[in-house]
Structure formats: structure tokens, C-alpha cells
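S.K.: I have a structure here, written as C-alpha cells, and I will follow up with some questions on it.
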Amino acid sequence: MTQTEVGYVELIEAARHPEHVVTLAFAGLIALAPQRPSPYDVPIAALDDAALAAIRERYFPDLQCPLKAYAGASPPQSIDEFEDLLAMLLEHRSVADQEGTWLAHAVATACMGANHLWQDMGLPNRAALSMLIKHHFTSLAERNSGDMKWKKFFYRQLCEREGLLMCNSPSCGNCSDYLQCFGPEDATSFFVRDGGPYLA
Ligand code: SF4
């Protein structure tokens, strides 16, 4: 068992509601921090120590160790498209509360990973991610009428907001990249081996 898996097990054992997909998402994000590229190799990017302490208290009350935002003295600079993704997710929160804000940060952070988004959130399968997005970012989910891969869909949304056309074809049905955008996302979860049921 790797150090990362130990972290996940500790989080789930310390969880208030381990059957909730939000809890699974936060646990996955925190445990997978070492696998993300810098500066996203932190529990949840752009959340400070106070926010992480609040997440720990609310979702993982029995966790023995604190969750720290950054090992260094000052936060790293955000790069890439993280800020744009975060802004879009914040805008589409179903409820503009703390949980929605934390989840927006978690999803944007996971988008910086190299795998399917559901894997980089440490979730059991794509269905769990879809349930989370439909429940907590409903207006955004409603736009994904073709059930596009979530990470692809987010990036396409960003391009459309900027008026950019990144696609090779005017329509998805005739596009040679169709499978990259809509193909199956079957893979193995980093942590969770069963299929639920989970609660939104
Ligand atoms: S399938 Fe092709 S046209 Fe559709 S979003 Fe993907 S790249 Fe763009």
C-alpha cells in the first residue's frame, strides 16, 4: 500500500459521511495531491489553511493530522487555465455557499491532473462525478446535453466564452476527434472499488 492510499483510508475512516460523493471527492483530491503537477500538488488549490481546516472539521472530524495549504511560506502562483476554470465553476454553483465554493476549487484542481476527471477526483466511477456535477453545478451540467467527457466539456465551454474555435469540425457528429470528446471513460479508480450507492 502506498503512502497515498494510506492517506485516503485515513480520510475515509475519519469521515462524517463516507457514503456521500462530496466526501469522496474531497478525500480523493486531498489524497491525490502528490500526483498532481506543481503548483497543484496541494490538497485543494487556492484554498487557504482556514478553508482546509473548515473542510476537515465538517467532512473529516476524526482526522488526526491538520490539512495544510502549502508547504512553503507563500502560496504558489496559479498558472494555466486554472483561474478561468475556477471562475466558471463558481459562477455555476447550484448553491453559492461554502460547500459549493470548496467543490468548485476541488473540480478545478482535479482538472489539472492527467487522467479522466473522475479518476483525478478519486471517485469510484464517472457516474459519481456526473451525479456530483448535476447536483452541485446544475446549470453547467444542463449545457452538456451530449454527455461529453467532463474535462473536455469544461475546456470547450471556456473556449466558447472566449470566442475561440478549437475544434476540427463544425459539428461533433462529423468530427474525427469524436471519440476523444465523447468516447468511453472506462478506467480503474485510484481508490474506490465498489459502485455505491452514493449520495449527492
Ligand atoms: S467532437 Fe470534434 S467538434 Fe465536437 S467538441 Fe470534440 S473536437 Fe469539437
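The values are calculated or read from the model by the stated rules, or taken from the named source; none is laboratory data. Being a predicted model, the structure only gives us computed values, none of them experimental. Note: ideal-geometry Cβ built from the backbone for every residue, glycine included; neighbour counts use all protein chains shown. When the accessible area is computed, the model is the full protein with side chains, heavy atoms only, and any ligands, DNA or RNA have been set aside. Shrake-Rupley method; radii C 1.70, N 1.55, O 1.52, S 1.80 Å.
S.K.: Pick out the one residue from Ala108, Ala114 that is of a type in the set (Gly, Ala, Ser) and modelled with pLDDT of 95 or more.
M.R.: Ala108
S.K.: Please determine whether any residue of the range 156-167 is more than 16 Å from the ligand (Cβ to nearest atom) and either under 11 Å from the mean Cα position of the chain (by Cα) or at pLDDT 90 or above (or both).
M.R.: no
S.K.: Still on this model: What number of residues in the range 168-183 are surrounded by 13 or more Cβ atoms within 10 Å (Cβ to Cβ) and more than 6 Å from the ligand (Cβ to nearest atom)?
M.R.: 1
S.K.: Could you check the range 107-158 and list, in sequence order, the residues that are in contact with a Gly (Cβ under 7 Å, 6 or more places away or on another chain), within 19 Å of Pro197 (Cβ to Cβ) and open to solvent by 10 Å² or more (accessible area, probe 1.4 Å)?
M.R.: Those that are in contact with a Gly (Cβ under 7 Å, 6 or more places away or on another chain), within 19 Å of Pro197 (Cβ to Cβ) and open to solvent by 10 Å² or more (accessible area, probe 1.4 Å): Pro124, Asn125, His136.
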